Amino acid sequence: MSNVVPLLRPRPAPDAAARATATVVSDLVTIAEQLHDIGARAAFLGRPRGETERTVQMVLDAVTSIERALDTITDGGDYTPF
């Protein structure tokens with residue numbers, strides 16, 4: 001029976017650093033999506049216009065910071081963790 005070829009081979013476990021990076025990337029994407037929603041909701045709070053504009057701008061600045069962090073972690077968006 002030496003001519004039997006196994007069809008399933010165990011795949012090696014992903015690197016722990018790759019898992020940790022993938023988790024951070026996933027968390028940052030979730031936060032960015034939540035901040036987009038918060039910015040949209042903040043625009044309709046009925047607050048004075050200047051206050052609303054500053055609030056929304058600060059939320060958008062936070063989104064920009066998170067997107068920059070994602071670009072850094074993913075080497076410009078080209079990231080395959082496994």
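The values are calculated or read from the model by the stated rules, or taken from the named source; none is laboratory data. Values in this document were obtained by computation on a predicted structure and should not be read as measured data. Here the Cβ is made from the backbone with ideal geometry for all residues, glycine too, and neighbour counts use every protein chain on show. Only protein heavy atoms, including side chains, enter the accessible area calculation; ligands, DNA and RNA are left aside. Shrake-Rupley method; radii C 1.70, N 1.55, O 1.52, S 1.80 Å.
Accessible surface comparison of ILE31, ILE66, probe 1.4 Å, protein chains only, largest first: the order is ILE31, ILE66.
Across LEU45, LEU60, the residue with the most accessible area heads the list, and the full order at a 1.4 Å probe is LEU45, LEU60. The figure for GLU67 is an accessible area of roughly 90 square angstrom, using a 1.4 Å probe on the protein chains alone. Placing +1 on the Cβ of each Lys and Arg and -1 on the Cβ of each Asp and Glu in the range 16-74, which of GLY39, ALA18, VAL29 has its Cα farthest towards the positive end of the resulting dipole? The one lying farthest along the dipole's positive direction is GLY39. Take the Cα of LEU8, step 7 Å toward its Cβ, do the same at THR72, and the gap between the two points is 4.3 nm. Charge dipole of the range 16-74 (Cα centre as origin; +1 on each Lys and Arg Cβ, -1 on each Asp and Glu Cβ, all else neutral): 120 debye, rounded to the nearest 20. Solvent-accessible surface (1.4 Å probe) assigned to ASP37 amounts to roughly 90 Å².
Taking only protein heavy atoms and a 1.4 Å probe, the accessible area of the range 16-74 is 58% carbon and sulfur. Residues in the range 67-74 carry Karplus couplings, in order, of 5, 5, 4, 4, 4, 5, 5, 9 Hz; the curve used is 6.51 cos²θ - 1.76 cosθ + 1.60 with θ = phi - 60°, and Gly or Pro positions show x.
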